[in-house]
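Scroll down for the structure; my scribbles are underneath it.
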Amino acid sequence: MTTKNLVLMALLVGVGAALYLVTPGMVNGMKPDFMLTMMFIGILLFPTVKETFLLSLATGVLSGLFTTFPAGLVPNIIDKAITGFVFLGALLFLKKLVNHFAVSAILVGLGTILSGTVFLTVALFVFNANVGATFAMLFIGVVLPAVVFNVIAFAVIYPIVSKLVKRSKFVTAISQIS
């Protein structure tokens with residue numbers, strides 16, 4: 001893990017935090033989690049266990065601190081850890097296909113669905129968060145729109161970041177493939 005890579009990961013997490021803070025709430029104050037998109041981009045750039053752990057922990061803690069969902073800190077940390085490592089596993093399993101942008105976008109969409117499902121399950125059933133809405137209402141009202149937002153954000157941000165990475169001297173999976 002080099003300092004350059006840590007700086008780029010920190011920038012991604014920072015951009016995700018800024019987007020998360022300025023996004024208005026939807027159902028019961030829940031928001032699409034753009035930090036999740038930045039975590040996915042970071043894992044695509046740095047597909048190792050160390051980087052995935054660091055990105056998952058950082059995005060989980062920050063999402064948990066900024067959340068408006070009752071008792072959302074621990075569910076965010078659990079959700080990002082599970083989602084990050086499942087995403088890494090899928091990425092390594094589909095290594096040859098992930099060079100294709102569409103496959104990466106599909107993985108981001110599926111990762112967002114997994115993240116929302118894990119978050120809602122932990123928050124509603126483990127921590128018994130009283131939000132006045134059912135799992136289905138929150139899934140349809142927040143998670144599914146978040147999938148659309150995250151895939152669009154990924155489609156806009158990832159090409160920009162990957163071009164910047166290629167122009168710089170970052171040692172990432174992208175630079176090793178090209």
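The values are calculated or read from the model by the stated rules, or taken from the named source; none is laboratory data. The shown structure was predicted, so the numbers you read here are calculated from the model rather than taken from an experiment. For neighbour counting, all protein chains shown are included, and Cβ atoms are generated from backbone atoms with ideal geometry for every residue, glycine included. These area figures cover heavy atoms from the full protein model, side chains too; ligands, DNA and RNA do not enter into them. Shrake-Rupley method; radii C 1.70, N 1.55, O 1.52, S 1.80 Å.
Scan the stretch 95-108 for residues that are of a type in the set (A, V, I, L, M) and open to solvent by 50 Å² or more (accessible area, probe 1.4 Å) and jot them down.
Hits for the stretch 95-108 are L97, A102, I106.
Restricted to the stretch 105-128, and to residues that are without any contact (Cβ under 8 Å) to a residue 40 or more places away in the chain and of a type in the set (V, I, T), which residue is farthest from V74 (Cα to Cα)?
Ranking the qualifying residues of the stretch 105-128, first place goes to I106.
Hey, does the stretch 85-102 have a residue that's over 20 Å from F149 (Cβ atoms) and of a type in the set (S, T, N, Q)?
Yes, the stretch 85-102 contains a residue that is over 20 Å from F149 (Cβ atoms) and of a type in the set (S, T, N, Q).
Residues to consider are T83, T68, T112; find the one that is under 24 Å from A10 (Cα atoms), not hydrophobic (A, V, I, L, M, F, W, C) and not in a helix (DSSP H, G or I). Show your work before the answer.
On the way: T83 fails: not in a helix (DSSP H, G or I); T112 fails: not in a helix (DSSP H, G or I).
Result of the check over T83, T68, T112: T68.
Quick check on this structure: which one of L73, L11, L57 is open to solvent by 60 Å² or more (accessible area, probe 1.4 Å), closer than 22 Å to N130 by Cβ and free of Cβ contacts under 8 Å to residues at least 40 places away in the same chain?
Result of the check over L73, L11, L57: L73.
So if I check each of A133, A123, A146, which one is within 30 Å of T68 (Cα to Cα), modelled with pLDDT under 95, outside any helix (DSSP H, G or I) and of a type in the set (G, A, S)?
On the way: A123 fails: outside any helix (DSSP H, G or I); A146 fails: outside any helix (DSSP H, G or I).
On inspection, the qualifying residue turns out to be A133.
Considering only residues of the stretch 129-143 that are in contact (Cβ under 8 Å) with a residue 24 or more places away in the chain and within 21 Å of the chain's Cα centre (by Cα), which is surrounded by the most Cβ atoms within 10 Å (Cβ to Cβ)?
Taking the candidates together, the pick is V142.
I want to confirm something. Restricting to the stretch 37-54 and keeping residues that are among the polar types (S, T, N, Q) and either at pLDDT 95 or above or surrounded by 21 or more Cβ atoms within 10 Å (Cβ to Cβ) (or both), which single residue is nearest to V161 (Cα to Cα)?
That would be T37.
Of the residues F101, F139, F93, only one is among the aromatic types (F, W, Y) and within 16 Å of P75 (Cβ to Cβ); which?
F139
If I go through the stretch 14-36 residue by residue, how many of them are outside any helix (DSSP H, G or I), over 16 Å from T112 (Cβ atoms) and open to solvent by less than 70 Å² (accessible area, probe 1.4 Å)?
Looking only at that region, the number is 1.
From the set of residues in the stretch 109-128 that are crowded, with 22+ Cβ neighbours inside 10 Å and of a type outside the set (S, T, Y), which is nearest to M38 (Cα to Cα)?
Top of the filtered list is G111.
Pairs please, first residue from the stretch 79-90 and among the acidic types (D, E), second anywhere and open to solvent by 10 Å² or more (accessible area, probe 1.4 Å), Cβ atoms under 6 Å, 6+ apart in sequence or on different chains.
Note: pairs meeting the criteria are D79/V118; D79/F119.
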